[in-house]
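The values are calculated or read from the model by the stated rules, or taken from the named source; none is laboratory data. In this text the structure is predicted, and so the values were computed from the model without any measurement. Quick reminder, even Gly has a Cβ in these numbers, built from the backbone with ideal geometry, and neighbours come from all protein chains shown.
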Amino acid sequence: MPVTMPDHQQPPVPGSEPGPAPAAACADDPAEAPFLDLLAGGAAAEEYERPLLSARAEGASAGRLAALERARLLALRVRTELEDRRRREAELSALYATAHDLAGLRDLDAVLRAIVRRARSLLGTEVAYLTLHDPAAGDTWMRVTDGSVSARFQQLRLGMGEGLGGLVAQTARPYVTDNYLHDERFRHTRTIDSGVRDEGLVAILGVPLLLGSGVIGVLFAADRRERVFEPGQIALLAAHAAHAAVAIDTANLLAETRKTLTELATANEIIRDRSAVIERASGIHDRLTELVLRGGGVQDVVRAVAEVLDGAVEFAEPGQLPAAALDRSRAGGRAVPDGDTWVAVVRAGGEDLGALVLRGHPALDPVDQRTLERAAMVTSLLLLARRTAGEAEQRVRGELLDDLLDAAARDPRLLGERAARVGADLDVPHVVLAARMAGPRIPGCDGPPRPDGTDRRRLWSAACHLAATRHGLAAVRDGGAVLLLPLAPGDDPAHTAREVAARLGSALHVPVTVGASAPVPSPAARPAAVAEAYAEARRCREALCALGRAGQGAAAADFGFLGLLLSDTRDVDGFVHRTLGAVADYDARRGTELVRTLAAYFACGMSPARTKDALHVHVNTVAQRLERVGRLLGPDWQSPARALEIQLALRLHQLAAAVAGDTEE
């Protein structure tokens, strides 16, 4: 490749060698005067022929013409050197401005665009582009173009040694061609040639982007016509590429520095956050330890955790939470999310005592999650300590209930005083409940076998806890548990039985069958009524198992006419009203004969045709009345079980009406 040489090494112009006269004589020789004027005026090269032509036209001597010719050649040489100097000054000025502009850019994409745009401007080409080395793929890929119109060309990849650019990248030397597609010095590929042809490029100059001894890319200048790139232009683009490589490296270093600084800032932020979290965790640990040492309660733990985790925290009983969340927390022994709520089970000895619930936190930091779990462990310790103390109290409660069941002749006044000491009020209505875990030891019940001692301890513990929360009494009896609970106004034994079965089953994770008695108005005034109520509750519990309803809760009223057999009160009127009350009330309000129609319908074998003859009405009337009965009693009123209850209620209703009629007579 030709290289531009320094001015003092430029070869002389042929025929312009100085003569033997000293250089100072030239300044006084009139032959140089017209050419000096032309040099000073910056005339074109053609203008330098005119002084010689004028002298010939005037008939100047041969010596004069030779002197003028020598002066013309010297002037042209000076003019060429001056133009070269001006051109190099302009190139150097442009190169300096380019370096200055590149030094002011910080973004890599902006640097690359500026490099390509300036390369096109410096060489005055139609297209300029830049490829970068891809170490992973072992080739170079088109990164930035300026003046390009072909999408295929803009997506080219050049393997090492392929095409002009691949050869530049491989050899780290500039290469130039005045017609690329016809130049056999390069290894042509179909992909590269198609891209070059699609862009319409002909003359291409490529110089390496050198960084140290490595090539990081190639800078190109190209035209869509044949063109010879002069050595000075090659040197200019190479110098521009040198500045460009430094600018690219600087931009990359700045980008890496910014990335590193961002990562460091993020790491510092994480460290600060972690430090704050650790301090909070240490603080909650100290506070929880202090709570345990000074005998704090569950609500003290709840308040402390709420303050540290900045959320709403509460302690929930097992039956107050979704079973799925409790199961996941229990299985993993961790706090688990449930929507925007976190649940940490409070568990001890294989029994769920409840859970700590944190609300309003869709996501939770691992340290905060561990804090919630640690608080759940502390809560379980507090509950166990409270239970230990409570068990002693519950033994006293159990002994009081045992006395109510076994010693009917005890002094009611003494029983009332003992009840008051444990926070129970035996002067209000109570219900007696008989509970037992569903298992193969109970006839008619199913469930996994368990050691009797384990069953009784767990059931007694859960029953005592439930009784304490309801201001009642609990005791172990007959392989199960018996509870004496106050009835709230408007509550009924059947509802209480179902609630107790659900609460105990949730706490023990096995079905618990519960039978309830009729209300006992005042256990302290009549202790014997408690034993009678317990016998009724046991009959209801055993009836549930016999009917395949183990794990449920019920009172005598839930068994229909069977309740008359299970109940000590034999509430016939209540049974009739529960079964036929809706129909009888409708007759009383509307003056209809639905009860009479219902009795005739069953008496006629449930035949509408025979019923209309017995009542002396149209069959449509019978159908309309029976449709009204169905709406009042429910769609299953003609099922065998319901039909049997309705017929028994009708007989008892008729009997009660007949007895009332005889009494009035």
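In summary, helices (runs of 4 or more DSSP H) completely within region 577-665 and bearing 2 or more residues that are modelled with pLDDT under 75, of a type outside the set (A, V, I, L, M, F, W, C) and more than 60 Å from the chain's Cα centre (by Cα) occur at 640-664.
Would you be able to say whether some residue in region 108-125 is surrounded by fewer than 13 Cβ atoms within 10 Å (Cβ to Cβ), at pLDDT below 85 and within 25 Å of T257 (Cβ to Cβ)?
So far as region 108-125 goes, yes, one or more of its residues are surrounded by fewer than 13 Cβ atoms within 10 Å (Cβ to Cβ), at pLDDT below 85 and within 25 Å of T257 (Cβ to Cβ).
Screening the candidates L236, L253, L205 for the property of being at pLDDT below 90 and more than 20 Å from D134 (Cβ to Cβ) yields one hit, L236.
With respect to V520, determine if the residue is among the aliphatic types (A, V, I, L, M) and either within 41 Å of the chain's Cα centre (by Cα) or not assigned by TED's automatic domain parsing to the domain that holds A434 (or both). Walk me through how you get there before you give the answer.
Values: among the aliphatic types (A, V, I, L, M): yes; either within 41 Å of the chain's Cα centre (by Cα) or not assigned by TED's automatic domain parsing to the domain that holds A434 (or both): no.
Answer is no for this residue.
Remark: R374 falls outside the filter, which requires a residue to be charged (D, E, K, R), under 21 Å from T469 (Cβ atoms), more than 21 Å from the chain's Cα centre (by Cα) and modelled with pLDDT of 80 or more.
Looking only at residues in region 14-53 that are charged (D, E, K, R) and under 15 Å from R79 (Cα atoms), which one is modelled with the lowest pLDDT?
At the first step, the residues of region 14-53 found to be charged (D, E, K, R) are 17, 28-29, 32, 37, 46-47, 49-50.
Filter once more, so that each one left must be under 15 Å from R79 (Cα atoms): 32, 37, 46-47, 49.
Working: E32: 76, D37: 80, E46: 82, E47: 83, E49: 84.
Selected residue: E32.
Within region 384-434, being at pLDDT 70 or above, under 48 Å from the mean Cα position of the chain (by Cα) and surrounded by 22 or more Cβ atoms within 10 Å (Cβ to Cβ) holds for L433, A434. Would you call A537 assigned by TED's automatic domain parsing to the domain that holds E417 and modelled with pLDDT of 80 or more? For A537, the condition - assigned by TED's automatic domain parsing to the domain that holds E417 and modelled with pLDDT of 80 or more - is met.
Report yes if some residue within region 71-80 is within 20 Å of I234 (Cα to Cα), at pLDDT below 80 and out of contact with any strand residue (DSSP E or B) (no Cβ under 8 Å at 6 or more places or on another chain); otherwise report no. If you could, list the steps in order and put the result at the bottom.
Quick first cut of region 71-80, residues within 20 Å of I234 (Cα to Cα) only: 80.
Subsequent filtering for residues that are at pLDDT below 80 retains 80.
Add one more test, that the residue is out of contact with any strand residue (DSSP E or B) (no Cβ under 8 Å at 6 or more places or on another chain), and what stays is 80.
Yes.
Among the residues making up region 347-369, those that are buried (at least 16 other Cβ atoms within 10 Å of the Cβ) and at pLDDT 85 or above are A355, L356, V357, L358. If you go through region 310-331 and keep only what is under 24 Å from the mean Cα position of the chain (by Cα) and at pLDDT below 80, you end up with D310, L321, P322, A323, A325, L326.
Could you tell me whether A335 is among the aliphatic types (A, V, I, L, M), within 25 Å of the chain's Cα centre (by Cα) and in the same structural domain as V357 (by TED's automatic domain parsing)? Let's see the steps before the verdict.
Details: among the aliphatic types (A, V, I, L, M): yes; within 25 Å of the chain's Cα centre (by Cα): yes; in the same structural domain as V357 (by TED's automatic domain parsing): yes.
Yes: the conditions hold for A335.
Scanning region 279-305 for residues that are more than 19 Å from L358 (Cα to Cα), assigned to a helix (DSSP H, G or I) and in contact (Cβ under 8 Å) with a residue 12 or more places away in the chain turns up L291, V292. If the condition is being within 42 Å of the chain's Cα centre (by Cα) and among the basic types (K, R), then region 475-517 contributes R498, R503.
When the residues of region 204-231 are narrowed to those that are small (G, A, S), surrounded by fewer than 21 Cβ atoms within 10 Å (Cβ to Cβ) and closer than 15 Å to P174 by Cα, which ends up farthest from the chain's Cα centre (by Cα)?
Of the residues in region 204-231, the ones small (G, A, S) are 206, 212-214, 217, 221-222.
Remaining after also requiring surrounded by fewer than 21 Cβ atoms within 10 Å (Cβ to Cβ): 212-214.
Remaining after also requiring closer than 15 Å to P174 by Cα: 213-214.
Details: S213: 49, G214: 46 Å.
The selected residue is S213.
Which of the residues spanning region 585-622 are of a type in the set (D, E, K, R) and under 20 Å from L648 (Cα atoms)?
Initially, region 585-622 is screened for residues of a type in the set (D, E, K, R), giving 585, 587, 589-590, 593, 596, 610, 612-613.
Selection gives D585, D587, E593, R596.
Exactly one residue out of T513, T469 is assigned by TED's automatic domain parsing to the domain that holds C545 and in contact with a strand residue (DSSP E or B) (Cβ under 6 Å, 6 or more places away or on another chain): that is T513. Under the condition of being among the hydrophobic types (A, V, I, L, M, F, W, C), surrounded by fewer than 11 Cβ atoms within 10 Å (Cβ to Cβ) and under 30 Å from A385 (Cβ atoms), the residues counted in region 247-303 number 1.
Kindly indicate the residue of region 473-530 that is in a loop (DSSP other than H, G, I, E, B) and among the charged types (D, E, K, R) and also surrounded by the fewest Cβ atoms within 10 Å (Cβ to Cβ) among those meeting that condition. Across region 473-530, the extreme among qualifying residues is D478. Of all residues in region 553-572, which are at pLDDT 75 or above and in contact with an Asp or Glu (Cβ under 9 Å, 6 or more places away or on another chain)? Listed by number, the residues that qualify are G553, A555. Taking the numbered list (1) closer than 26 Å to A245 by Cβ; (2) modelled with pLDDT of 90 or more in turn, G159 passes all entries but (2).
In region 66-84, is there at least one residue being outside any helix (DSSP H, G or I), over 60 Å from the mean Cα position of the chain (by Cα) and surrounded by 14 or more Cβ atoms within 10 Å (Cβ to Cβ)? Spell out how you get there, then give the answer.
Keep residues of region 66-84 that are outside any helix (DSSP H, G or I), which gives none.
No.
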